[in-house]
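The values are calculated or read from the model by the stated rules, or taken from the named source; none is laboratory data. Worth saying up front: this structure is predicted, and the values here are computed from it rather than measured. Backbone-built Cβ (ideal geometry, glycine too); neighbour counts: all protein chains shown. Each accessible area value is taken on the protein alone, full model and side chains, heavy atoms only, with ligands, DNA and RNA left out. Shrake-Rupley method; radii C 1.70, N 1.55, O 1.52, S 1.80 Å.
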Amino acid sequence: MPPTPSDAASAPAVRVQDLVMRYGDTVAADGLSLEVARGSITAVLGPNGAGKTTTLETCEGYRRPQGGSVRVLGLDPVRQRRELLPRIGVMLQGGGAWSGVRAVEMLRHVASLHAHPLPVGLLVERLGLDECGRTPYRRLSGGQQQRLGLAMAVVGRPELLFVDEPTAGMDPAVRRTTWDLLRELQHDGVTTVLTTHYMEEAERLADLVHLVDHGRVVASGSPLALTRGRGDATIRLVVTEPFPLGAPQSLATALGHGTEVTPVDERSLVVTGPADASTLAVVSAWCEDFGVVPESLTMGRMTLEDVFLAETGRPLAPTDGTIDGGRAA
Amino acid sequence: MTQQETARGTFTPRPGAAPYTAMVRAQASMETRLLLRHGEQLLIAVVIPVIALVGGVVAAGRLGIDLDGHAPVDALTPGVLALAVMSTAFTSLAIATGFERRYGLLKRLGASPLPRSGLLLGKVGGLLVVQAVQVVVIGAVALLMGWSPDPLGLLLALPCALLGTAAFAGLGLALAGTLRAEATLAVANLVYLLLLAGGAVVLPRSSYGGASEVLAVLPSAALGDALRAALLDGTLAVLPLVVLAVWAALGAGLASRFFRWE
C-alpha cells in the first residue's frame, strides 16, 4: 500500500527490511534490517565485506533487492529512481569522474545538473579543493578525490546524503574538517547515512550506529547507549608471546561469572565485565601462573570496537595496521 | 583548508533536477571539451584523416593511379570524411566510454539527476561537434587541393554521415559497455586500423579487386560508398544506406542489451 503524504513526512528517511543480497557464494546481505531517522547522522559500521556498500547501493537504487524491501524517502529506489535521484546526494567509495577532467570543472558540471546547486566556490573553499582545482582527476591524491566526491554529493542541496567510507584515505586534519561539514549539514536539516570501518568516525559523528557483520545488523543504538548500556568496562591485554594452550579459557574460569574473555588473536584478548581491582588482580595472577609477559594492558569504558567484538567474537578492524588500505575498487 | 563555519541555512535542502535541455547541453559541452583536450584524440580525429587525404592525393598523382576517371582529390575526399566519421563515432567514443566506465563516471552520473537518455544525447552532441570540426578542417584542406564536390551531394552527404555515425556509435558503445577499458582501447584501435587498411573506406571498393562484393557489407565500405555516391555523383546510394541501417540497428540492439554501467 502506498504511504499517505502524512506518513511519508514522519516516516524514517530510510527503511531497509529483511534485505537479502547474494552474489554467487557471497552473501552480502542476509536479512538485514535498519532504519535511518530524518535529520540524523546514521553510521553503518562494520568490517570490510560486512555488506555495508551493498546495502548503501541498494538504497541508492543501483541494485534491486533480491529479498526484503527498501524504502528511501518513502520511495522505491529502483521503481521510483527518477523521482528519488534529485533528492539524494551520493558519494561513491572511489572514482566517479572523467580521468582527464579538472577537479573544479567536474564539481561545476555536477552542480549544473541540479536546479538550485550550492555555490561551487563555497564547497571548493570548505573542502580545500582550491589546492587542486585545475589538476586532472587522475592526478589527484586519494584524499583529494574523496573530498571532491563529497563535494559532488553535497552540491545539489540534497535532503538525504549517502556517503560510502567518506574519510578513507584522508589525513586526520582533513577528516575532522569533513566531520565538521557533515555536522553543519545536519544542523541545516540534511540526513546523512555513512558507512565506515573507523570506530572513531561512528562514535564521534553518528547519532545512531548500526553494527553490521556478515550481512546482518548485530546491534543498533546511539554510540552512548551501545557502549554504556552494558554498564561494563574492558581490559585489553596484549602479550609478547602467543598465549599458552588453554590459557584464555583458564582466565575465563578464574574470573568467573559476569565476566567475558574474548581472544582477539594469538597475542591479545579483551576482558569485558566489571573492571575493578579484583579483576585486575586475577588477571595479573594469571599472567604469573602462565608466565606470559604483558606488552600492554589498557582499561577503560567499552568502545564500539569492544561492542562489535562482544557481539560477533571478531575484531572490527584487523590488528596488523592495514586499516587504511581497505578501499575497494 | 579553512575551518570556519558557513552561515547557517546555507545547506538547507533544496533539491531538484536542472531542466532537461540544460543538463544535456552541459553534458554535451563537457564531452566535447574532453574529446578535444587530448593530443592523441586530435591526432585520431583530424591529423590522421588529413595525412591520409594529402598523402593519397599526392601518391595518386605521382603514381598515376586511375580512380575511375575522377581527380584524386574528388575521389579520395569522401572516403577521408567517412574515415573521420568512423574515427570519432567508433574509436574515440568507445575508448572514452570504456574509461568512463572504468573510472566510475557512468556509475556516478547514474546517481545524478541526468537520465540515461540525457547522457546519451550529451554524448551524441559531443560527437557531432567534433565531427563538425573534422568536416571543416578536412573540407578546407580538400578545397585548397582543388576539391569540387557535387553541390547537391553536400546536402545528400549529411544523412549518410548521420546514419554512419549511428551505426558506428552503436557498435562503439556495445564494445565499451562489455569489455574492460584496456581491451576496448586495443580492440577499438585495431578495428579502426583494419578498416582503414582493408575496409574500403578511403579507397573505393573497386580498388580491392575480387573482394569488392564481399566488402560491401562492411559499415566502413557502406559509409564510404554512400559518401562517394553523394559527393562524386550527387546521388543517394540506397544499398549502402540499407547496410548502414542494419549495422545501426545491430549496434543499438547489442548496446542496449549488453551494456554494463559499471
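Things to note:
- Shielded residues, segment A:59-87 - accessible-area loss of 30 Å² or more between chain alone and all protein chains, probe 1.4 Å: A:62, A:82, A:85, A:86
- Area hidden from solvent between A and B (accessible, protein heavy atoms only, 1.4 Å, total, Å²): 4300 Å²
- Think of it as helices only: each DSSP H run of n ≥ 4 in the protein assembly as shown is worth -39500 (n - 2.57), and spread over all residues that comes to -15000 deg cm²/dmol at 222 nm.
- Extension gain, residue B:242 to residue B:10, is 77.8 nm, computed as 0.36 nm per intervening residue step minus the present C-alpha separation.
- FRET efficiency for residue B:116 and residue A:299, using Cβ-Cβ distance with R0 set to 51 Å, rounded to 0.05: 0.35
- Most fluctuating residue given options A:295, A:203, A:105, as computed from a GNM of chain A linking Cα atoms under 10 Å: A:295
- Probing with 1.4 Å while keeping every protein chain in the model, the per residue accessible area of segment B:104-262 equals 44 Å².
- For segment B:95-121, a drop of 50 Å² or more in accessible area on going from the chain alone to the assembled protein chains (1.4 Å probe) is found at B:103, B:105, B:107, B:108, B:111, B:113.
- Computed over segment A:19-138, the P(r) curve from all C-alpha pair distances, binned at 5 Å from the origin, holds 2, 9, 16, 17, 17, 15, 13, 8, 3, 0 percent per bin.
- In range of the label at residue B:47: residues from segment B:188-209 whose backbone nitrogen is under 20 Å from the point 7 Å along Cα→Cβ: B:188-194, B:196-197
- The protein assembly as shown, accessible surface, carbon-and-sulfur percent (1.4 angstrom probe): 60 percent
- For chain A, the longest principal axis of the Cα atoms and the long axis of helix A:142-154 meet at an angle of about 60 degrees.
- If you run the Gaussian network model on chain B, springs between alpha carbon atoms under 10 Å, then out of B:44, B:65, B:138 the most flexible one is B:65.
- Dipole of the protein assembly as shown computed with +1 at Lys/Arg Cβ and -1 at Asp/Glu Cβ about the Cα centre; of B:135, B:39, B:191, farthest Cα towards the positive end is B:135.
- Expressed in units of 2.2 N^0.38 Å, where N is the residue count, the Cα radius of gyration of segment A:231-301 is 0.97.
- Residue with peak Gaussian network fluctuation, chain A [Cα springs, cutoff 10 Å], from A:314, A:22, A:71: A:22
- Positive dipole terminus of segment A:103-169, leading residue within A:162, A:116, A:103 (C-beta point charges): A:103
- Total formal charge among the other residues, if their Cβ is under 10 angstrom from that of residue B:100, Lys/Arg +1 and Asp/Glu -1: +4
- With the largest listed first and rounded to whole Å, the semi-axes of the equivalent ellipsoid of chain B from the Cα gyration tensor are 39, 19, 17.
- Net charge in the neighbourhood of residue B:200 (other residues with Cβ under 15 Å of its Cβ; Lys, Arg +1, Asp, Glu -1) is -1.
- Solvent-accessible heavy-atom area per residue, rounded to whole Å², over segment A:5-226 at 1.4 Å: 34 Å²
- Segment residue B:37-residue B:257, length gained on full extension (0.36 nm per residue, minus Cα span): 76.1 nm
- Chain B: angle of helix B:238-258 to the longest principal axis, Cα-based, in degrees nearest 10: 30 degrees
- Unit charges at the beta carbon, dipole of segment B:1-107: most positive-side option, B:18, B:53, B:105: B:18
- Positive contributions from Lys and Arg (+1) and negative ones from Asp and Glu (-1), summed over other residues with Cβ under 11 Å from the Cβ of residue B:116, come out at +3.
- 1.4 Å probe, heavy atoms, protein only - residues of segment A:135-178 losing at least 40 Å² accessible area vs chain alone: A:157, A:177
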